[in-house]
Each structure stands twice: as structure tokens, then as C-alpha cells.
1. Go through the residues of region 90-98 one by one and say whether even a single one is of a type in the set (Asp, Glu) and under 25 Å from THR208 (Cα atoms).
2. I'm told ALA7 meets every condition in (1) in contact (Cβ under 8 Å) with a residue 40 or more places away in the chain; (2) among the small types (Gly, Ala, Ser); (3) surrounded by 18 or more Cβ atoms within 10 Å (Cβ to Cβ) except one. Can you identify the failing condition by its number?
3. Mind checking which residues of region 221-237 are farther than 19 Å from VAL2 by Cβ and part of a loop (DSSP other than H, G, I, E, B)?
4. State which residue pairs qualify: first residue closer than 17 Å to ASN237 by Cβ and inside region 35-51, second residue assigned to a loop (DSSP other than H, G, I, E, B) and among the polar types (S, T, N, Q) in any location, beta carbons under 8 Å apart, and separation of 6 or more residues or different chains.
5. So which residues in region 154-194 are surrounded by 19 or more Cβ atoms within 10 Å (Cβ to Cβ) and either in a loop (DSSP other than H, G, I, E, B) or modelled with pLDDT under 95 (or both), if there are any at all?
6. So, of the residues in region 120-130 that are out of contact with any Asp or Glu (no Cβ under 8 Å at 6 or more places or on another chain) and surrounded by 12 or more Cβ atoms within 10 Å (Cβ to Cβ), which turns out to be nearest to ALA84 (Cα to Cα)?
7. Check whether at least one residue in region 211-220 is assigned to a loop (DSSP other than H, G, I, E, B), at pLDDT 95 or above, exposed (fewer than 12 other Cβ atoms within 10 Å of the Cβ) and not β-branched (Val, Ile, Thr), and report yes or no.
8. How many residues are within 16 Å of ARG104 (Cβ to Cβ) and more than 23 Å from the chain's Cα centre (by Cα) if we restrict to region 147-163?
Amino acid sequence: MVRFVYAPDLTTDRRNIIRQALIHWEANTNVRFYNATGEPTVDPTYGFAYPYIEFVNSTVNSSHVGRIGGRQVINLAFFQPTSAAIHEIGHAIGLRHEQSRYDRDNSININLANVVDSLEHNFNKYTSNYYAVGSIDYNSVMMYDSDAFAINPAIPVMTKKLDGSTWTGGDILSDSDRRWANSIYRPYVARSDTYAELAPVVYKSDNTVMTASERLAYQAYLNNGNSTPPNCCRLPNDF
């Protein structure tokens, strides 16, 4: 369960695309989000800071990769497509850029000489702390277009090694994006107690859906053999 809040001055256009992005993530993966806007950011009993995302107005789109603890900002520029919010949320839950994967040199050429100097970090290769699913995915929502950040847009920054062709990155979650998320996250229902209740739809790591009996068996496993949640304690959760 990923806690988030909307900044008090967040513009309506940004809130709308964030809402659509959150719905897209939840409809296609096991990732679940909890709207904690207006709630305490520190545990009232033990005093530790809750980890949460805050969506804020900005002139750029950016996010930390993975949970950092406490307040974690996702910046969104004015009038962005929903895909921009899907992408930045992907970073916050742990996804790096697809062109940064450790094995990218087997599949793509990168012409850094044609990249704006201050933006070269977007093409860093990560040889550790990078969990990848399958082969490189040109349709991933985390994959940049071939001409991203080009000094000369007529010259591709990235091309396929196989045939020199170019591509346009995905606007929605691809099959491998979904498999990545579904292999890590579980779709918990927001509750005020400690029972680990699963949403009605639970994806397996291959993106197929658990049967009803599989879901109940897994819910029992998560709750010391008890497959039936208490008839209380669900939290309202509106994006």
C-alpha cells in the first residue's frame, strides 16, 4: 500500500491526470494507493514519519526511485499527459528507466554526444540494484523515445542494434511493466487494523489472475490461517 497526498495548491489539471494514472496502475497491477491527504504524516503513538508521496506543482516531471522514507515528492509540470504521471509513479514504486537496465548494451545504441549535457544522467546504466523482467521492452512506459533530450532531433539518441530502427516509448503500462509490479506488490485493501485483506483481483507474476480459491488460500497464508477478514475497519479511500 503506497500512501500519497495532494499538495494543498495542486492544480486541477494535475490532480486529474494523477487520478487517472493511479486508476491505471490499480486496474492493471497489484499496486495499491491510499489517499492520506489531510491525515497526520507522523505516527501519533510511536512518532515515526510515515513514508508517503506528495504530488506537487512543478516546472519539471521527476521522482525519486523507490521509497526513501518520510515525505517523497513527485513533481509534475503543467498540462502533462497521463503517461507522465504513470511514468513518475513508476519511479516512486521502484522502476528505473528501461534504457538504464544493466543489459541495455546488448540491444540498443546510445549516442550521448547528441544528448543535452545536463540530461545525460537519464541514460546512466545501472549494473546493480536493478530488477528487470524479461528482455528490453521498447513499449515500456519507462522507456524514453529514441529522440529524447536530443540536441539535434533529426539524429536519434537511441537506436536498435538489430536494425538501427527507432521507437516511441509506451504511454501505458506494458506487459513487462505489469509483470515487474505484480511480482513485487500485493493488492492490499486499506484497513485500520492489522488484517492483510487482498483486493478481489490478485495478479500473479505472469499477469494472470488468481482464482477465487487461490486468493482465499493466499489470504489465509498472510493471516495465520484466517481467510476471513473482520467485518470492520475498512478505510474510505477516494482518489
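The values are calculated or read from the model by the stated rules, or taken from the named source; none is laboratory data. Note that the coordinates shown come from a computational prediction; the quantities given were computed from them, not determined experimentally. Cβ atoms come from the backbone with ideal geometry, glycine included; neighbour counts cover every protein chain shown.
1. yes
2. Looking at each condition in turn, ALA7 falls short on (3).
3. Hits for region 221-237 are ASN223, ASN224, GLY225, ASN226, SER227, THR228, PRO229, PRO230, ASN231, CYS232, CYS233.
4. ASN35/ASN237; TYR50/THR41
5. Residues satisfying the conditions are PRO156, VAL157, GLY169, GLY170, LEU173, SER174, PRO187.
6. ASN122
7. So far as region 211-220 goes, no, none of its residues is assigned to a loop (DSSP other than H, G, I, E, B), at pLDDT 95 or above, exposed (fewer than 12 other Cβ atoms within 10 Å of the Cβ) and not β-branched (Val, Ile, Thr).
8. Within region 147-163, residues that are within 16 Å of ARG104 (Cβ to Cβ) and more than 23 Å from the chain's Cα centre (by Cα) number 7.
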